[in-house]
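Please treat every number below as a calculation from the coordinates, not as lab data. Values in this document were obtained by computation on a predicted structure and should not be read as measured data.
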Amino acid sequence: PPDVEVLGRATWTFLHTTAAYYPEKPTPTQRANMLMLLKSLPVLYPCSHCASHLGENMKTSPPDVSSRYGLSRWLCLQHNEVNERLGKKKFDCAIEKLDERWKDGPSD
Ligand code: FAD
């Protein structure tokens, strides 16, 4: 089976980076494709207990694909839910913090 930690880091990197560069005003096609990408995870993600947790969370908290800001924040909250479950520190979901980590790098 895949290494759940290596897979998780790689997947979060892909998802947060893709969210950081998602348009402020996505087209209907971009929204539909992002929604499909996210909805695919509970079906296809190769860590089955991770996938089923995510699927449950997505029922009560559906993905926000309306904007770069909304998507970045939704992903951050989902990731924090996993962090909390694993006893890891929560991340500050302010957009400046997310951009510093996943888009712009530190400003100095
Ligand atoms: P990661 O949690 O992989 O984080 C990588 C980097 O992201 C961090 O160093 C930090 O800079 C940044 N970061 C941290 N939190 C946030 C945030 N909230 N928003 C933005 N950036 C952030 N593992 C399990 O054992 N059980 C599970 O049920 C489980 N479910 C998962 C579900 C999904 C959808 C994914 C993608 C992964 C899941 N994982 C799960 C893996 C787990 O989340 C971690 O990826 C793994 O434990 C490695 O952790 P890490 O400490 O290296 O950092």
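Does segment 4-103 come out rounded, prolate or oblate by the C-alpha gyration tensor, with a ≥ b ≥ c the root eigenvalues, rounded set by a/c under 1.5 and, if not, prolate when a/b is larger than b/c and oblate if not?
Values: a/c = 1.69, a/b = 1.17, b/c = 1.43.
Because a/c hits 1.5 or more and a/b fails to exceed b/c, segment 4-103 counts as oblate.
Do you know the relative contact order of the chain, to the nearest whole percent, from alpha carbon pairs under 8 angstrom that are 6+ apart? It would help to have the intermediate numbers written out before the result.
Numbers: 78 pairs, mean separation 33.9, N = 108.
Value for the chain: 31 percent.
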